[in-house]
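The values are calculated or read from the model by the stated rules, or taken from the named source; none is laboratory data. None of the values given here were measured: they were computed from a predicted structure. Here the Cβ positions follow ideal geometry from the backbone for every residue, glycine too, while neighbour counts run over all protein chains shown.
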Amino acid sequence: MTESSSTMAESLEPGSVEEWFASRLPVEDFAGRRVLVVVPDSTRTAPLPLLFGALHRKIGPVAAAVDVIVALGTHPAMESPCDRDDAGD
């Protein structure tokens, strides 16, 4: 994704996020393929329910699988590094 975060931050509403993904992700590119989504660990803030939900609704129906991996950064060790339960349903 090449759009600046400031542009996204100004318009993070469910409809605009859905439109953003719809205009930039050709669903046919994901048909029958396995997709790995990298999400930040809990030391970073992100509107994951909004973003992941929109992404999953877009590619989930056509992808063979959608898996998620938590990106652990270079910060000191965390007590519970994979505690990322805010990605939504």
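What to note about this one:
- Residues located in the stretch 30-56, provided they are farther than 18 Å from residue 69 by Cβ and modelled with pLDDT of 95 or more: 31, 32
- Look at the stretch 21-47: where a residue is closer than 19 Å to residue 61 by Cα and a partner is among the acidic types (Asp, Glu), sitting 6+ places away or on another chain with Cβ atoms under 9 Å, you get 24/3; 34/67; 35/67; 36/67; 37/67.
- Only residues that are part of a loop (DSSP other than H, G, I, E, B) and either within 30 Å of residue 79 (Cβ to Cβ) or hydrophobic (A, V, I, L, M, F, W, C) (or both) were counted in the stretch 33-69, giving 10.
- Here is the figure for the stretch 34-72: residues that are hydroxyl-bearing (Ser, Thr, Tyr) and within 24 Å of residue 15 (Cα to Cα) total 1.
- Within the stretch 7-32, tally of residues that are in a loop (DSSP other than H, G, I, E, B) and aliphatic (A, V, I, L, M): 3
- Restricting the stretch 28-76 to residues that are out of contact with any Gly (no Cβ under 9 Å at 6 or more places or on another chain) and hydroxyl-bearing (Ser, Thr, Tyr), the residue that is surrounded by the most Cβ atoms within 10 Å (Cβ to Cβ): 42
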